[in-house]
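See below for the structure under consideration.
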Amino acid sequence: MADRVTVIGWDGSPLTAVATAALSAATLVAGAAHHLALPEVPAAAERIRLGSIDLAARRIAGHRGTAVVLADGDPGFFGVVRNLRAPEHGLEVEVVPAVSAVATAFARAGMPWEDAQIVVAHPRTLRRAVNVCRAHHKVAVLTSPGAGPAELALLLDGVHRTFVICEELGTAREQVTVLTSDKAADHVWRDPNVVIVIGSGPEQQTTGAWVSGRHPHGVRGWALPSDAYPDSATGSEGESPGLRAAQLARLGPRTGDLVWDIGSGSGALSVEAARFGAAVLAVDSDPDACARTATAARAFGVQLQVVQGRAPHVLERLPEPDVVRIGGGGVPVVTAVADRRPERIVTHASTRDEAEALGAALAGNGYTVECALLQSVELDTSAWAERERSVVFLLSAVRSDLAP
């Protein structure tokens with residue numbers, strides 16, 4: 001095993017005395033081509049181009065001498081430190097950090113960033129990174145080949161965002177470009193780059209902020225009463241707070257997910273799914289319902305996309321969902337949704353016959369189905385008299401390959 005392993009971050013500025021001393025003593029240096037070309041790298045040191053981190057870690061573990069790994073930015077932030085410290089390699093490392101690419105990007109943009117979400121986009125994670133950009137006002141995306149600004153823009157089709165694209169930070173070729181997301185796909189961008197994605201609406205006010213990322217604000221709790229939502233429609237079984245709570249619990253929306261809320265109605269479930277950090281497409285054929293959903297989103301300060309159209313036909317042009325709530329439309333809509341293979345689907349029925357038909361459609365399309373009869377009674381506590389009663393069948397379905 002190497003006698004000593006030092007990981008040095010490089011942000012384009014001159015290396016510190018500590019970093020220079022570690023490099024001068026190195027008998028093995030690993031890094032990208034531009035790292036290995038630095039004049040401080042000893043001419044006699046063995047050099048390894050960093051492609052596969054695991055392969056490099058095995059070479060370092062078998063090396064007798066002093067090893068240095070060079071990496072861009074802060075190597076402890078979405079960097080090589082985690083891989084090198086993995087149990088299978090058994091490497092203990094010393095870290096000489098540098099300014100992270102994210103911090104540099106926001107500095108170049110002149111923007112605060114304690115309220116930003118930060119994601120890494122690889123081809124395999126690109127869709128989830130895009131969902132975070134849909135759901136949050138300010139996101140920094142650490143890109144990779146095949147998952148860069150153009151690919152982000154293409155998957156954000158129909159969602160207006162401003163891109164601040166920072167190419168080759170810390171080098172002589174550094175360039176910062178600001179443009180709208182619909183223009184980003186028309187350019188060829190140089191790697192590596194960081195994309196700051198800014199949503200519509202005012203920036204979050206973070207005076208007195210105490211936690212980074214998404215800041216807790218607004219109304220506490222979820223499954224709020226219907227009158228918490230502007231212009232909410234009352235009296236509909238699909239709008240019951242109790243049913244909404246059960247649906248959200250079974251869907252489990254989270255950051256990186258895309259939720260379809262088909263038949264959004266008042267927008268209550270759409271807004272609450274967005275408050276959990278998920279991206280949401282609120283679908284309704286009624287223009288008044290679409291307007292109510294947009295109003296509710298503004299009132300609660302969440303980002304979501306409203307789509308007016310009738311299911312199942314409108315669903316054909318929507319991006320792939322992770323979880324879906326179906327507020328109506330019967331078997332044809334359930335079947336169309338199941339064909340898109342989301343992880344989870346919830347819907348409801350007012351009669352047992354309807355519930356059986358919906359359950360059979362879900363089971364026949366590869367889902368494991370559960371059904372519960374939910375009854376809630378709202379009481380007037382001034383007289384302890386019954387004010388309103390709701391009875392509904394709740395169906396929840398998990399894709400069979402994911403079911404326990």
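The values are calculated or read from the model by the stated rules, or taken from the named source; none is laboratory data. Not measured: the values here are computed from a predicted model. Note that we place each Cβ from the backbone using ideal geometry, even for glycine, and neighbour counts take in every protein chain shown. Ligands, DNA and RNA are excluded from the accessible area calculation, which covers all protein heavy atoms including side chains. Shrake-Rupley method; radii C 1.70, N 1.55, O 1.52, S 1.80 Å.
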Item checked: Using alpha-carbon coordinates, inclination of helix 241-251 to the longest axis of the chain, degrees -> 40
Item checked: Degrees between helix 287-300 axis and first principal axis of the chain (Cα, 0 to 90, nearest 10) -> 50
Check: From the residues A289, T381, V333, which one has its Cα farthest along the dipole of the chain in the positive direction, the dipole being from +1 and -1 charges on Cβ of Lys/Arg and Asp/Glu about the Cα centre?
Finding: V333
Next item on the list: Place +1 on the Cβ of every Lys and Arg and -1 on the Cβ of every Asp and Glu in the chain, take the dipole about the Cα centre, and give the residue among W189, A349, V141 whose Cα lies farthest towards its positive end.
Entry: W189
Check: Using unit Cβ charges (K, R positive; D, E negative) and no other charged atoms, how large, in debye to the nearest 20, is the dipole of the chain about its Cα centre?
Finding: 820
Note to self: Taking 4 °C and 1.567 mPa s as the conditions, I'd like the Stokes-Einstein D for region 1-60 in µm²/s, using the Kirkwood hydrodynamic radius from alpha carbon pairs.
What the structure shows: 108
Notebook entry, point to check: What's the FRET efficiency of A17 with A363 using the Cβ-Cβ distance as r and R₀ = 56 Å, to the nearest 0.05?
Noted result: 0.25
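Given contacts defined as C-alpha pairs under 8 Å and at least six residues apart, what's the relative contact order of region 299-404, whole-number percent?
Here the relative contact order equals 25 percent.
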Next item on the list: Take the Cα pairs of region 263-371, get the Kirkwood Rh, then feed it into Stokes-Einstein at 4 °C and 1.567 mPa s and tell me D in µm²/s.
Entry: 90
Check: Farthest toward the dipole's positive end in region 14-79, which of V18, F78, L55, given Cβ charges of +1 (Lys, Arg) and -1 (Asp, Glu) about the Cα centre?
Finding: L55
Next item on the list: Starting from the exponent 0.38 and prefactor 2.2 Å, build the expected Rg for region 238-325 from its residue count and divide its actual Cα Rg by it.
Entry: 0.96
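Could you look at the chain and say what percent of its accessible area is carbon and sulfur, using a 1.4 Å probe and all protein chains?
53
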Item checked: Which label in (i) 153; (ii) 183; (iii) 171 gives the computed volume of the Cα convex hull per residue in Å³ -> (iii)
Next item on the list: Starting with the highest mean, order 174-182, 260-268 by the number of other Cβ atoms within 10 Å, averaged over the residues of each peptide.
Entry: 260-268, 174-182
Note to self: So with the 1.4 Å probe, I'd like the accessible area per residue for the chain, rounded to whole Å².
What the structure shows: 47
Notebook entry, point to check: Helix 352-364 versus the longest principal axis of the chain: what is the Cα-based angle in degrees, 0 to 90, to the nearest 10?
Noted result: 30
Check: Looking at the chain, what % of its DSSP beta bridges pair antiparallel, to the nearest 5?
Finding: 50
Margin query: Shape verdict for region 144-216, please, from the Cα gyration tensor: rounded (a/c under 1.5), prolate (a/b greater than b/c) or oblate.
Written below: oblate
Notebook entry, point to check: Could you give the dipole magnitude of region 1-155 about its Cα centre, charging the beta-carbon of Lys and Arg +1 and that of Asp and Glu -1, in debye to the nearest 20?
Noted result: 460
Next item on the list: About the Cα centre of region 317-401, how large is the charge dipole given +1 on each Lys and Arg Cβ and -1 on each Asp and Glu Cβ? Please answer in debye to the nearest 20.
Entry: 240
Next item on the list: Sum up the charges of everything whose Cβ sits under 10 Å from the Cβ of A98, counting Lys and Arg as +1 and Asp and Glu as -1, but leave A98 out.
Entry: -3
